[in-house]
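The values are calculated or read from the model by the stated rules, or taken from the named source; none is laboratory data. As the structure is a computational prediction, the values presented were derived from the model and not from experiment. A quick note on method: Cβ atoms are made from the backbone with ideal geometry, for glycine too, and the neighbour counts reach across all protein chains shown. Calculation scope for accessible area: heavy atoms of the full protein, side chains included, ligands and nucleic acids excluded. Shrake-Rupley method; radii C 1.70, N 1.55, O 1.52, S 1.80 Å.
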Amino acid sequence: VRLEIDRQGNLSVCVCFSKSDFKRVIMEYYLYLLQIFGGGNPKINEVINAYGSAKDAYRKINGGDMSLIPVKRLPNVKKASLEQSKVIADYCNANNIGIITIDDEKYPIRLKNIFNPPVLLFTAGNIGCLENRLSVAVVGPRQPSDYAVRIAENICYNLAQCNIALVSGFARGIDRIAHNNCIRHKKPTAAVLACGITVDYPKGSFELRREITDNGGVIISELLPDTSCN
């Protein structure tokens, strides 16, 4: 806050925000919408587009406009608040969890161009590991056959050896083969979680998460940190 006096002697108050402060404020509006709709819900983008911004969406909804809120989400509106957004942001900051909004320059450009991109990402590790690097998505069953395991091991081993980043869903089975082969070659891999970033799923997997981040990779979730896997 800065007090200014013009040439006519008029006193005015100037409130100055740093770039990081501004990002934090915008982030809290996105977190407010996540509290209502949950991550991965296309309704968030619909609401933001309808009102013009996450901030304007907050103002309208908090002011009582429920015209774009599905009936099943109305109870969430009563519980959602900017105060809770601040609690979530503070928790993430204290635990080295990154929060990247779709407006942030760190947001992956290729992800921004898909249908219904997540408006916010929770991250651990290096979100920039996929930039300027060929990446391949690897998907497969949690209980693959022996043949599928051999094929996946061969393909993922060679892709990782060629410095190609493998992106997968961190589940057991084929997903785990992709991540492990990147770690074997000390190459980055991206694990996209089906749960909040603080949830231990699959159970006992935090050591693998650490190995991914230690090798320059990233853990990503579009869900609030404590969201359990369905």
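Side notes on the structure shown:
Residues are listed down the side, and each one gets a yes or a no for (1) closer than 25 Å to Pro118 by Cβ; (2) surrounded by fewer than 20 Cβ atoms within 10 Å (Cβ to Cβ); (3) among the polar types (S, T, N, Q); (4) modelled with pLDDT of 95 or more:
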position	(1), (2), (3), (4)
Glu131	yes, yes, no, no
Ala137	yes, yes, no, yes
Arg150	no, yes, no, yes
Ile197	yes, no, no, yes
Gly204	no, yes, no, no
Leu208	yes, yes, no, yes
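- Hey, Ala165 in contact with a Leu (Cβ under 7 Å, 6 or more places away or on another chain), within 21 Å of Glu207 (Cα to Cα), buried (at least 20 other Cβ atoms within 10 Å of the Cβ) and in contact (Cβ under 8 Å) with a residue 24 or more places away in the chain or not: yes
- Meets criteria (in contact with a Pro (Cβ under 9 Å, 6 or more places away or on another chain) and open to solvent by less than 10 Å² (accessible area, probe 1.4 Å)) for Gly173: no
- Hey, Tyr91 within 18 Å of Ala178 (Cα to Cα), out of contact with any helix residue (DSSP H, G or I) (no Cβ under 7 Å at 6 or more places or on another chain) and among the aromatic types (Phe, Trp, Tyr) or not: no
- Total residues in the stretch 38-65, condition open to solvent by 30 Å² or more (accessible area, probe 1.4 Å) and among the hydrophobic types (A, V, I, L, M, F, W, C): 1
- Ala190 satisfies every condition listed in (1) of a type outside the set (Ser, Thr, Tyr); (2) open to solvent by 50 Å² or more (accessible area, probe 1.4 Å); (3) part of a strand (DSSP E or B) except (2).
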